[in-house]
Amino acid sequence: MRNMSDDHTHVQEFFTARAADWDTRFPDDGPAYAAAVADLRLREGDRVLDAGCGTGRALPPLRAAVGPSGVVLGADLTPAMLREAVRAGRHRAGRLLLADVAALPVRSGCLDAVFAAGLIAHLPRPVDNLRELARGVRPGGRLALFHPIGRTTLAARQGRRITPDDLRAEARLGPLLARSGWRMTSYVDEDARFLALAVRED
C-alpha cells in the first residue's frame, strides 16, 4: 500500500508529464465545464474552490457565476498544471494555490461551494479527502463532482472496463459522500458527462 507521499509523487508525475498538452488533448470540453458550473447554482458573491483545478478550465465560468464580488480559488498539487493555467491566462479568473486537497489552506466553513473535475479517481483516501472538502464548506454549501465524459466513455478511452469497485458508481458514491459529511442530491452519468451534486450536511 502506498503512503501519502507516494500518492503525491504518483499524481504529480502523471500530471507533470501531461500538463503541456493537456488543453490541446481535450479542446472541446469548455461547454461541458460551463454547464456543470451552471448546475452548481452559484450566486453573486459566493466563495468557491476548484479542487484539483489542473490547468484552470473551470475558473472562468466559476468567476462568471460569482461575479467580481465573489472569491474563486483554484488548488492543485502539480506545479506544472498551475503554470499552464497561468500561461492560458486563467489565473486572472481566480487565485491559484499549490495545495493538497487533503489539507486545504482555508478556514473551516469559509466556502460556499467546491467544484471538482476528475478529482475523485486521484484521491488516496476518498472518505478522509472528501471530508476535508466538507470541512472547508459551510453547512448547506454545495459540491460538484464532474467529468466532461461519462464513466463508460472514459473507460473505453482508457482501454478498460468499469469494475464494481468504481467509486463513481451511484451505489458506491452516495454512501461514500454520506460518510464524508455530504448528502448526494443528484447523479448523472451519460456519455457526454458525469456530474454528481451534493450538499454539505450540518
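The values are calculated or read from the model by the stated rules, or taken from the named source; none is laboratory data. Predicted model, so just to flag it, every value in this text is computed and none were measured. Here the Cβ positions follow ideal geometry from the backbone for every residue, glycine too, while neighbour counts run over all protein chains shown. Accessible surface is based on the protein model in full, side chains and every heavy atom, while ligands, DNA and RNA are left aside. Shrake-Rupley method; radii C 1.70, N 1.55, O 1.52, S 1.80 Å.
Computed values, structure above
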quantity	calculated
Rounded Å value of the spacing that divides the Cα centres of the stretch 163-189 and the stretch 108-160	10 Å
Highest-fluctuation residue, 160, 168, 18 considered, GNM on the chain with Cα pairs under 10 Å	160
Residue 186/residue 87 FRET efficiency (R0 35 Å; Cβ-Cβ; nearest 0.05)	0.50
Charge dipole (the stretch 77-202, unit charges on Cβ, about Cα centre) - positive-most of 167, 130, 98	98
Built amide H within the under 5 Å cut-off of residue 97, gap 5+	74, 75, 76
For residue 141, distant residues with modelled amide H under 5 Å away	200
The stretch 42-57 - phi-based ³J(HN,Hα) in whole Hz, Karplus 6.51/-1.76/1.60, Gly and Pro as x	6, 10, 3, x, 5, 10, 10, 10, 9, 8, x, 6, x, 7, x, 5
Sequence of 186, 180, 108 when ordered by accessible area, the most exposed leading, probe 1.4 angstrom	108, 186, 180
Furthest towards positive pole of dipole, 180, 119, 197, structure part the stretch 61-202, Cβ charges	119
The chain: most fluctuating residue of 115, 15, 146 per GNM, C-alpha cutoff 10 Å	15
Å² of accessible area per residue within the chain, as computed with a 1.4 Å probe and no ligands counted	48 Å²
Potential extension, residue 125-residue 41 segment - 0.36 nm per residue separation minus Cα distance	27.4 nm
